[in-house]
Amino acid sequence: MAFTLPALPYAHDALEPHIDTTTMQIHHGKHHQAYVDNLNKAVAGTPNESKTLEELVKHAGTISPAVRNNGGGHWNHNFFWESLAPKAGGAPTGNLATDIDNSFGSFDAFKEKMNAAGTTRFGSGWAWLLIKDGKLEVSSTPNQDNPLMDVAEVKGTPLLGIDVWEHAYYLKYQNRRPEYLTAFWNVVNWPKVAERYEAAAK
Ligand code: MN
């Protein structure tokens with residue numbers, strides 16, 4: 001069964017002014033679509049055709065560079081769209097908020113750590129909040145790798161990912177990645193992140 005591009009869970013202009021409409025149209029309709037198309041090409045006619053996206057991603061390092069890049073691209077973007085929401089942002093609540101405070105000192109300190117992970121990732125990649133062995137951690141990955149992959153330096157269950165590829169911000173922010181990172185916090189879907197946290201912490 002071929003992989004398909006999921007619809008965005010909100011309108012293209014729903015994240016304005018933090019993430020602009022044109023960026024969302026191209027990011028979802030062109031970039032994400034290309035990962036889906038290239039993943040389908042990479043698995044066509046192979047035993048990997050019948051595997052789930054998660055299975056492919058977990059074994060990405062041993063399958064092929066095409067599956068690693070495009071399977072990662074497809075998984076990461078599915079995850080990214082669901083991590084965002086209009087009229088969102090603010091601070092998390094409940095167990096996740098407590099764990100963030102205990103793990104990083106404060107919510108602000110956590111954001112600084114994520115922003116640093118995103119800013120210092122040279123070239124293209126992602127910054128992540130993840131759970132590893134029951135503990136919250138911040139990491140970053142190159143290209144379309146993610147913490148589920150066998151090749152990840154820091155492996156765990158991703159809770160939140162920030163896409164720091166230029167295609168995620170260049171039209172509005174040009175070279176100012178830190179400005180995009182600041183704006184990103186206004187569109188984080190914390191209830192969704194908390195739901196992932198509760199599922200992973202069980
Ligand atoms: Mn992207």
>> I'm trying to understand the selection: among the residues of region 89-105, which are loosely packed, with under 12 Cβ neighbours inside 10 Å and free of Cβ contacts under 8 Å to residues at least 12 places away in the same chain?
In response: 98, 102
> Among 94, 61, 71, which is the only one that is at pLDDT below 95 and under 27 Å from residue 131 (Cβ atoms)?
Replying inline: 61
> Scanning region 11-50 for residues that are closer than 30 Å to residue 173 by Cβ, part of a helix (DSSP H, G or I) and among the aliphatic types (A, V, I, L, M), which turns out farthest from the ligand (Cβ to nearest atom)?
Replying inline: 39
> Exactly one of (1) touching a residue at least 60 places away in the same chain (Cβ under 8 Å); (2) of a type in the set (D, E, K, R); (3) in contact with a helix residue (DSSP H, G or I) (Cβ under 7 Å, 6 or more places away or on another chain) is unmet by residue 49. Its number?
Replying inline: (1)
> Do we find a residue being more than 18 Å from the chain's Cα centre (by Cα) and either basic (Lys, Arg) or within 16 Å of the ligand (Cβ to nearest atom) (or both) anywhere in region 60-75?
Replying inline: no
> Looking only at region 71-106, which residues are closer than 30 Å to residue 31 by Cβ, touching a helix residue (DSSP H, G or I) at 6+ places or on another chain (Cβ under 6 Å) and of a type in the set (Phe, Trp, Tyr)?
Replying inline: 75
> If you take the residues of region 89-103 that are in contact with a strand residue (DSSP E or B) (Cβ under 6 Å, 6 or more places away or on another chain) and not acidic (Asp, Glu), which of them is nearest to the ligand (Cβ to nearest atom)?
Replying inline: 89
> Hey, which of the helices (runs of 4 or more DSSP H) in region 108-202, taking only ones fully inside, have at least 1 residues that are open to solvent by less than 10 Å² (accessible area, probe 1.4 Å)?
Replying inline: 177-184, 190-201
> If you check residue 57 against the conditions, is it within 16 Å of the ligand (Cβ to nearest atom) and either surrounded by 17 or more Cβ atoms within 10 Å (Cβ to Cβ) or in a helix (DSSP H, G or I) (or both)?
Replying inline: yes
> Would you say residue 40 is surrounded by 18 or more Cβ atoms within 10 Å (Cβ to Cβ), polar (S, T, N, Q) and modelled with pLDDT of 95 or more?
Replying inline: no
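The values are calculated or read from the model by the stated rules, or taken from the named source; none is laboratory data. From a predicted model like this one, the values you see are computed outputs, not experimental measurements. Cβ atoms come from the backbone with ideal geometry, glycine included; neighbour counts cover every protein chain shown. SASA here: full protein model, heavy atoms, side chains in, ligands and nucleic acids out. Shrake-Rupley method; radii C 1.70, N 1.55, O 1.52, S 1.80 Å.
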